[in-house]
Amino acid sequence: MNIININSTMTLTPAQISFIQSIMIFGEDDHWAEDDFVHLTQDIPIFLLTAHSMPHITPLGHSRYDAKRNAYTTDLPKFPLDRKPPMEYLGFFDSGYPLLGHPKPIIVLCPERIASCAQNDDELMMLTAIVVIHELAHAKIWVDGQCRYQPGEDTFSHWMEESFANAMTLRILRRYDRRHDRWMRSVGRRDMTTAAPLANTLIRRVAEFAENFMRMQPEPYRLGAELPNRLVSRFWYRWAREKGQLENKTEEKENWLNYVTTHLGNLDTERLEELYKAIFSRDNAFEIYRRRRGQ
Ligand SMILES: [Zn+2]
């Protein structure tokens, strides 16, 4: 991972970095494709910004000029225990940030904001990882889209994009939890000292923490925690590939949006599948993806 601290008062600790790496290694199912998270972190730098340098993409935690200190300061809001901010308040992915004259994909994190949403060190470690993986999911959707088209920030695209990014994050974290647990048990049986260097990856149930967090986020994010895994595997890639070609699907998009906004917390998998199928009926992009990966 290529982490560059621009002006944050905090940095990512070696323990946090190795936790994120361990999630990417255990959590993804194959590591030989150009769009896997380990590859993406080699290509996409992660910048750390302090809160007052973060763009105001949410109405939360705006900075103000403190004349006495001649500096900008940000009052980080305290979130009620049952409400969490959108992921983009904590970090974001930009597919075309001008770096040395060329548009480059970057990820930005705000460690101060992440810390303000964590109750202790373990939560800070988990939440940092969750934000990184969520932003990498946006990056993966962008890389796989190929058409390089970014849809405007209409409500439909926002709900689709954020719910898939959260759902893909959860999928990786769940797989990490399962594999890591199995691995730790097998190491424990052989020789516990082997596990000592990985003591900082001993956090368990990061998926459970992430799911709880997402369920308290704004609704498009919450949808990600409620999407059945089967639909995520089947349709995220089609969203990536086809998001630029959905202008004529006005009715289908409206039907999907109406359903998810009114049935959140009570989604019917069959009905949902029909609605996704109606939107992505153009071709079999998923099959192309599987063939490309030789699956
Ligand atoms: Zn996002």
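No lab work stands behind these numbers, since they all come straight from the coordinates. Keep in mind the model is a prediction, meaning the values are calculated, not measured. Please note: Cβ atoms are built from the backbone with ideal geometry, for glycine as well, and neighbour counts cover all protein chains shown.
List of remarks:
- Modelled label positions at Asn5 and Asn258, each set 7 Å beyond Cα in the direction of Cβ, lie 5.2 nm from each other.
- With R₀ set to 45 Å, the beta-carbon distance separating Asp121 from Leu267 gives a calculated FRET efficiency near 0.80.
- Computed lengthening from Gln21 to Ala278, 0.36 nm per intervening residue step minus Cα-Cα distance: 88.8 nm
- Rounded FRET efficiency, nearest 0.05, which uses the C-beta distance separating Arg182 from Glu153 and R0 of 41 Å: 0.50
- Each residue of region 123-134 was assigned a 3J(HN,Hα) from its phi angle through the Karplus curve 6.51 cos²θ - 1.76 cosθ + 1.60 (θ = phi - 60°); the sequence is 5, 4, 4, 5, 5, 4, 4, 4, 5, 4, 5, 4 Hz, with glycine and proline shown as x.
- Ordering 93-99, 112-118, 220-226, 262-268 by mean Cβ neighbour count within 10 Å, with the highest value first, yields 220-226, 112-118, 93-99, 262-268.
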